[in-house]
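What follows is calculated from the coordinates using simple rules that are stated; it is not laboratory data. These numbers were taken from a predicted model, which means no experiment stands behind them. We place every Cβ from the backbone using ideal geometry, glycine too, and count neighbours over all the protein chains shown.
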Amino acid sequence: MDDNTKNLIQNHIDNNDVCLFMKGTPDAPQCGFSMAVTNMLKLLEVNFQSVNVLEDQNVREGIKVFSDWPTIPQLYVKKEFVGGCDIVKEMYESGELSKLFESKGISFKAKN
């Protein structure tokens, strides 16, 4: 991965408390896994920044190297890599995702 791509990825993570690297946009996800993670974040009413990896092949491949994680989407909270769809879903269902947001001072709406 070139330095420009690495810096671009790092800037997204550094400048957004909740950052989701995904295929498509929250309003028009381009894969089911990206849609699932955005839906969970929307249900929790979390403000998040999304990065559409389909717009830049370097970012699409670079984020996998950056995180040492092979799949997209990828969720970062306060500069910490949380995981992909399966991990986020598991954390959402167990309440761990809400606990993570609470511990990091991220505003969210508790699920019923």
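What the table below lists for this structure:
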item	result
Beta bridges by DSSP in the chain, antiparallel share as percent, to the nearest 5	70
Positive dipole terminus of the chain, leading residue within Gly32, Asn4, Ile63 (C-beta point charges)	Gly32
Per-bin percent of Cα-Cα distances, the chain [5 Å]	2, 13, 25, 26, 19, 10, 4, 1, 0
Cβ-based exposure ranking for Val18, Val65, in which fewest neighbours within 10 Å come first	Val65, Val18
Computed [θ] at 222 nm, deg cm²/dmol, the chain (DSSP H ≥ 4; -39,500 (n - 2.57); rounded to nearest 500)	-14500 deg cm²/dmol
Net dipole in debye of the chain [+1 Lys, Arg Cβ; -1 Asp, Glu Cβ; about Cα centre; nearest 20]	280
From phi via Karplus (6.51, -1.76, 1.60), per-residue ³J(HN,Hα) for region 76-93 in Hz, x at Gly/Pro	10, 10, 6, 6, 9, 6, 8, x, x, 4, 4, 5, 4, 4, 4, 5, 4, 5
Relative contact order, percent, region 38-112 [alpha-carbon distance under 8 Å, six or more residues apart]	34
Cross-link reach list, lysines versus Lys99, counting only Cα pairs under 19 Å and skipping chain neighbours closer than eight places	Lys42, Lys78, Lys79, Lys89, Lys109, Lys111
